[in-house]
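Have a look at the structure below before the remarks.
The values are calculated or read from the model by the stated rules, or taken from the named source; none is laboratory data. Since this is a predicted model, take the numbers as computed values, not measurements. Don't worry about glycine lacking a Cβ; one is built from the backbone with ideal geometry, like all the others, and counts go over all protein chains shown.
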Amino acid sequence: MRSVVNNLKKVIFLLFIIATVLQYGCFAPINLCFENAKLLKKGEIKAQANVAGYFATSLQKILESDNSMENYNNNVGVGLNYGISDKINAGLRYERIGVVSDEVEFFGMEFNTGIKAINFLELSNKIRLYEDKLALAFPVSFYFLEEDGFFSFDPRLYWTIRENNKFEATFTPKLHVFFGESAGVAPGLTLGIGLSDNLDKWAIRPEIGYDGFFSIGLGFNAYMNSK
């Protein structure tokens, strides 16, 4: 019975990888967010910068029973968040998706997409559920691929565990809902930590995630006018 369950898990994982890579081709959509459940106070501003890498097993490797990871893209991003009130925050985030290879290999055939970089813009928000511990977000994102593009809706829940003002961990389950030619739905999850001598002033944020692609990144937050 255990072997049947394990084989079923492998099949589900395989189908998820195939569906994801087929859908997006040569790049991985944004999953990491470098955030926590704490909201800014009214009038406060927070700046963010990050780098990230996204990896997956290619279709050709799956067919050859090779589970090694392939680097799909390396990203650089910046963002600003503003406290509309103590219960609602708004933000704007930009990320440049650097496509590692513009060639896609599928069943032994190679296709050249010509894509080198993709622009990502997110209109974000955060709504307090439980002070500093739970928050909801319903960001809308836009992917610009040269003259083409598509957009997504990414509802997510931030759950932050903080023992002191120097360390915290944030779990973020989410759902990617894509529209346009790349229409589809994909669940995702990220785990990030915050490190600082005062998390209410600044933080270094390592983060990992999975949504069909494995992702790892490093972010930095700074509160510009924290009271």
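A few notes on this one:
- Among residues of region 86-129, those that are farther than 18 Å from Tyr158 by Cα, out of contact with any Cys (no Cβ under 9 Å at 6 or more places or on another chain) and at pLDDT 65 or above, counted: 11
- Counted residues, region 160-198 - those being surrounded by 17 or more Cβ atoms within 10 Å (Cβ to Cβ) and of a type in the set (Asp, Glu): 1
- Residue match in region 190-205 (condition: among the β-branched types (Val, Ile, Thr), within 12 Å of the chain's Cα centre (by Cα) and over 15 Å from Ala37 (Cα atoms)): no
Yes/no per residue for (1) aromatic (Phe, Trp, Tyr); (2) modelled with pLDDT under 85:
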position	(1), (2)
Val11	no, yes
Phe16	yes, yes
Phe34	yes, no
Ala37	no, no
Gly43	no, no
Ala47	no, no
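- Between Asp197, Asp132, Asp148, the distinction of being touching a strand residue (DSSP E or B) at 6+ places or on another chain (Cβ under 7 Å) and either within 25 Å of Phe55 (Cβ to Cβ) or at pLDDT 90 or above (or both) belongs to Asp132 only.
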